[in-house]
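The values are calculated or read from the model by the stated rules, or taken from the named source; none is laboratory data. Remember, it's a predicted structure, so these values are computed and weren't measured experimentally. Heads up, the Cβs are rebuilt from the backbone with ideal geometry, glycines too, and the neighbour counts pull from every protein chain shown. Remember, those area values only see protein heavy atoms, side chains included, never the ligands or the DNA or RNA. Shrake-Rupley method; radii C 1.70, N 1.55, O 1.52, S 1.80 Å.
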Amino acid sequence: MQNDRASNPISRFSEFLGIGYFGDKKQRVIAPIFDLYSNAERGWEKVMAGQKQEVPIFHTIFVEHPTRYEFIAHPIEMSSERINYVIYRSSSSLSSLNKFKSDYSSGRTYIKFGWHDLTKPHKFDVLPHYAAVDSIEFKKADDIKPGMLVDQIRKS
C-alpha cells in the first residue's frame, strides 16, 4: 500500500496494555486492552472522534519481525483537516500473533476497545462500540518500504 495521503496529520494511539483476540469462524474481534473501563472509553472517544461513518472502518496490518510484531490499524477515510488517530502497538508475543493468524479466516473482523477485568474468565471485557475492519494484511518487516503509509505510522 503506497501512501497517497502524505499531507494527513497522523498520530499513533498506543496507550493500552496489550491486545486480546477472540471470536469464531464467523467473526473475529481485535481488542486493545486498557487498565480501566474509563480509560478504554476515553481512548475510544479519542480515536473515533474524527470518524464520520456511523460504523468506522479501519484497515489492519500486522508487521512481523523476527522476535516481535507491530499491530497497526488506520481509518480508511483520513482527512488533511484534522489529526488522524491510528491504533498502534508493538508486542513481543509472537505466539499471540501466530494463534490469531492460524484462527483467522474470511469471516468479518471488528475492533473493540476493552479493559482488564479480573472477574472475567478471559481477564478482559469489551465496550459495546466497534469499528469494522475492511481487511487484514500480514507483512514481513522487510516488505515495508520508506514512504509507505505503514512506515509513516511507525515513525509518527
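Quick one: which of Lys25/Lys145; Lys25/Lys140; Lys26/Lys145; Lys25/Lys120; Lys101/Lys145 span more than 30 angstrom between C-alpha atoms? Could the numbers behind the result be given before it?
Values: Lys25/Lys145 33 Å; Lys25/Lys140 25 Å; Lys26/Lys145 33 Å; Lys25/Lys120 23 Å; Lys101/Lys145 23 Å.
Checking Cα-Cα distances, Lys25/Lys145; Lys26/Lys145 exceed 30 Å.
Rank Val55, Val47 by accessible area, highest first, at a 1.4 Å probe radius? Show your work: numbers first, answer last.
On the way: Val55 55, Val47 5 Å².
Greatest to least solvent exposure: Val55, Val47.
How would region 55-110 be classified by its alpha-carbon gyration tensor: rounded, prolate or oblate, with rounded meaning a/c under 1.5 and the a/b versus b/c comparison settling the rest?
Details: a/c = 3.59, a/b = 1.56, b/c = 2.30.
Because a/c hits 1.5 or more and a/b fails to exceed b/c, region 55-110 counts as oblate.
Working from the alpha-carbon coordinates of region 28-82, get Rg over Rh, Rh being the Kirkwood radius. Spell out each step's value before the answer.
Working: Rg = 13.4 Å, Rh = 13.3 Å.
Taking Rg over the Kirkwood Rh, I get 1.01.
Taking Rg/Rh (Cα atoms, Kirkwood Rh) straight from the coordinates, which label in (i) 1.10; (ii) 1.51; (iii) 0.94 is the correct one?
The listed entry that was calculated here is (iii).
Rank these residues by their accessible area, most exposed first, probe 1.4 Å: His116, His122, His59.
On the way: His116 85, His122 120, His59 15 Å².
Reading off the accessible areas and sorting them downward yields His122, His116, His59.
With a 1.4 Å probe and all protein chains kept in place, how do Glu77, Glu70, Glu15, Glu41 rank by accessible area, largest first? Numbers along the way, then the final one.
On the way: Glu77 95, Glu70 5, Glu15 120, Glu41 35 Å².
Listed by decreasing accessible area, they come as Glu15, Glu77, Glu41, Glu70.
Looking at the chain, identify the longest residue range that excludes and avoids all trypsin sites (Lys or Arg not before Pro) in DSSP loops having at most 13 other Cβ atoms within 10 Å.
Details: sites that count: Lys25, Lys26, Lys52, Arg82, Lys123.
That would be 83-122.
Probe 1.4 Å, all protein chains in place: accessible area of Thr119 in Å², nearest 10?
Spelled out: Thr119, probe radius 1.4 Å, area about 120 Å².
Among Val133, Ile111, Thr67, pick out the residue whose Cα is farthest towards the positive end of the charge dipole of region 60-156, where Lys and Arg carry +1 and Asp and Glu carry -1 on C-beta, about the Cα centre.
Thr67
Counting only heavy atoms of the protein chains, get the accessible area per residue of region 46-125 (1.4 Å probe) and round it to a whole Å² value.
Values: 4050 Å² over 80 residues.
In whole numbers, region 46-125 has 51 Å² accessible per residue.
Modelling each spin label as a point 7 Å along the Cα-to-Cβ direction, I'd like the Ser90/Ala49 distance in nm, to one decimal.
Reported label-point gap for Ser90 and Ala49 is 2.6 nm.
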